[in-house]
Structure formats: C-alpha cells, structure tokens
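The values are calculated or read from the model by the stated rules, or taken from the named source; none is laboratory data. Since the model is a prediction, treat every value here as computed from it, not as a measurement. Cβ coordinates were reconstructed from backbone atoms using ideal geometry, including for glycine residues, and neighbour counts include every protein chain displayed. Side chains are part of the model used for accessible areas, which takes the heavy atoms of the whole protein and leaves out ligands, DNA and RNA. Shrake-Rupley method; radii C 1.70, N 1.55, O 1.52, S 1.80 Å.
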Amino acid sequence: MLPFARVAIIGMGLIGSSLARAIRAAMPTVQLVVSDADAAVRARVAELGLADDVADGAGAAVVDADLVILCVPVGAMAAVAADIAPELAPDTVVSDVGSVKDSVARVLGAALPGVHVIPAHPVAGTEKSGPDAGFAQLFHGRWCIITPPPRADAVMVERLAEFWRRLGAKVEMMDAAHHDRVLAVTSHLPHLIAYSIVGTASDLEAVTRGEVIKYSAGGFRDFTRIAASDPVMWRDVFLNNREAVLELLGRFTEDLVALQRAIRWGDGDTLEALFTRTRAIRRSIIDEGQDTEKADFGR
Ligand code: NAP
C-alpha cells in the first residue's frame, strides 16, 4: 500500500520539481497537486506535465491532500503555513525539505497547531534552481534526514520515512538542533567559504577579473560551482542557522590562522599532516558512495 495517496507540493523549483518527477516515477498512482508563488513557474510546470493539477494558490493545492511538502526557501515557510492552515484535512502530514530544521519546526509548529508537522531534509541538491533543473533520480542513494518533533505520531513518521525510501533515499532520524549543527559543518560553512572566496577573487585589484575567469583552475572552479547556488535559499539558510554557523565560524577562523602561521614560519610538517588527514576524508566519502572519483570538470 502506498504511504500517501494524495500529495501536495508547494514550491516547484529544483527540489519541488525533482520530488514531483520522483513521485511520478516511483509511485505513479499518487494524485499530485502542486503550486508555486511564481505564475511563470506554474505555467512551466503545467507545460512539463509534472503534476495532475497545478493550483493557483497553496491553500487550494492542499485540499484533501494526505501529505503536504513545502519546498520553498526557509524564510517563506511561515507565509505558506499561514496560507494552508485553514484548508488542511484532519490527519494530513505537513512536511518540508528546508535545509535548516530547528527554526522551520518552530515556525510550522506554531502556525499549524494540532497538525502532524514532521520536518525533513533530503541531503541532495545542485547549484541550479527552477522547475527545469529538477530530475527524478536526485534522491537516489542520498540521505533524507527526518526530524520528528518530540510528540510526533510514530505511525505518521514511519509513513513519511517509507515515502522517502520509495523515492530511493536512505532515511535517518535526528533531533532538529543536532541536524542544524551537522549541516553547518557539511554544507553551510563550505557554502559560506565558497561565496567568500569567489567574492574576494572578483574584488582583487592585482589580478583582473578576466584573468580569474581565464585561468580558473580546479580549486577556484569548484568553488564557483558552489557559489552559484540560489541566493535567496542561501540567504535564508544563514539567517535561520545563525548560532550553529557562527559557532563553527569561530573555530574555522582559528584553524585558518593556525595555517597562516604555519605558512609564515615555513612549518611544512603541519601543512603536510593536515593535507594527509583531509585526503583520507575525501577517500571515505567516495568509499561511502557519496561521490565518485570522476574529475569535477565538465561533470
Ligand atoms: P528554488 O529552485 O529557488 O525553488 C523555490 C520555489 O519556491 C521558487 O519557484 C519560488 O518562487 C517558490 N516560492 C517562494 N516563496 C513561495 C511561497 N511563499 N509560496 C509558494 N512558492 C514560493 O529552490 P530549491 O533549491 O528547490 O529550494 C527549496 C527548498 O529546498 C529550500 O528550503 C532549500 O533550503 C531546500 N533544499 C535545497 C537544496 C538545494 O541544493 N538546492 C537541497 C536540499 C534542500 P519565486 O522564485 O517566485 O520566489
């Protein structure tokens, strides 16, 4: 039996449209109703045939749904929750895909009292945005972290977990605050560093912007891919995972100063020891199937 028969997706960008495609592929009999704030996105989604129905507003999309998944930027969750609140059927599960979990859990819990709110985060994505960027295999072999609130209904949590497994994801349960600390390390800080490096390189006076682009080597090129990620989504991530990111930034800054010192004093042993340790981390990511050996260029 399908975990959910009628699913509503609000926000049909990269993640929402990937979800719609993945549901179509894995659970073709699910009734899928979607919506997006942007009329051009709604028109494109209808043209691509990604859903059974494209509603004009979030409220209309969720009527009779047994699962609603909010795929909007973290900062837009409260507004969407307010839109859908009066339209939800009893026992509807409301989930999301936001990259930050503690603030989203609080916002949704407050706006939707008495509703089964079960936040989640598929740890899968690309630097692209919009409905044309999505693809059905995005979640295959990727982790989906579910962060059930303390008194969440265990049956509903399991149904949501089964839903994600059917889309090809591996499911892990985690406390929301812990999720935010983990993702600050694995995703948020790396994005901040990429945004910062690419910004610095483009501001340099001794090297022209043309040279930065013309001679961009592996390192810089990889950072530009990350720094091309959606500006609104990432603005909201940093505004909503403030404490964890600031704490980590403190630690990162100290470590960077230690490296600065090693370079200044010609301490090759320190540099080599660190670079050897980091190479082993790359190896374990490949061994765990979270990336491939393939060179990034042209991927
Ligand atoms: P996206 O491609 O920019 O799509 C977001 C869509 O939501 C846009 O079409 C946007 O329309 C629409 N939207 C914004 N506010 C809305 C509202 N109030 N009501 C209805 N629709 C609204 O972004 P995305 O990459 O799919 O990210 C969506 C969510 O997934 C975010 O919470 C993000 O943190 C999370 N996530 C992203 C990734 C990733 O790698 N990208 C990975 C995992 C999770 P407008 O363009 O008009 O604003």
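The table below lists the values:
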quantity: Meets criteria (modelled with pLDDT of 95 or more, more than 8 Å from the ligand (Cβ to nearest atom), open to solvent by less than 10 Å² (accessible area, probe 1.4 Å) and in contact with a strand residue (DSSP E or B) (Cβ under 9 Å, 6 or more places away or on another chain)) for A120; calculated: yes
quantity: Complete set of residues in the stretch 72-84 that are open to solvent by less than 20 Å² (accessible area, probe 1.4 Å) and near the ligand (Cβ under 8 Å from one of its atoms); calculated: V74, M77, V80
quantity: Residue tally, condition without any contact (Cβ under 8 Å) to a residue 60 or more places away in the chain and assigned to a loop (DSSP other than H, G, I, E, B), over the stretch 103-123; calculated: 6
quantity: Some residue of the stretch 244-261 being touching an Asp or Glu at 6+ places or on another chain (Cβ under 9 Å), open to solvent by 50 Å² or more (accessible area, probe 1.4 Å) and basic (K, R); calculated: yes
quantity: Test: V104 is modelled with pLDDT of 95 or more and over 15 Å from the mean Cα position of the chain (by Cα); calculated: no
quantity: Check on S216, outside any helix (DSSP H, G or I) and in contact (Cβ under 8 Å) with a residue 12 or more places away in the chain; calculated: no
quantity: Criterion (open to solvent by 50 Å² or more (accessible area, probe 1.4 Å), of a type in the set (G, A, S) and under 21 Å from L88 (Cα atoms)) met by exactly one of A39, A5, A46, A55; calculated: A5
quantity: Test: R235 is open to solvent by 50 Å² or more (accessible area, probe 1.4 Å), away from the ligand (no atom under 16 Å from the Cβ), not assigned by TED's automatic domain parsing to the domain that holds S129 and not small (G, A, S); calculated: no
quantity: Residue match in the stretch 200-212 (condition: out of contact with any helix residue (DSSP H, G or I) (no Cβ under 7 Å at 6 or more places or on another chain), under 30 Å from V97 (Cβ atoms) and not acidic (D, E)); calculated: no
quantity: Filtered residue count, the stretch 133-145, keeping only those that are within 10 Å of the ligand (Cβ to nearest atom) and in a loop (DSSP other than H, G, I, E, B); calculated: 3
quantity: Residue that is farthest from M156 (Cα to Cα) [pool: residues in the stretch 85-105 that are away from the ligand (no atom under 15 Å from the Cβ) and open to solvent by 20 Å² or more (accessible area, probe 1.4 Å)]; calculated: P86
quantity: Residue in the stretch 149-171 that is more than 20 Å from L67 (Cα to Cα) and either touching a helix residue (DSSP H, G or I) at 6+ places or on another chain (Cβ under 9 Å) or open to solvent by 80 Å² or more (accessible area, probe 1.4 Å) (or both) present; calculated: no
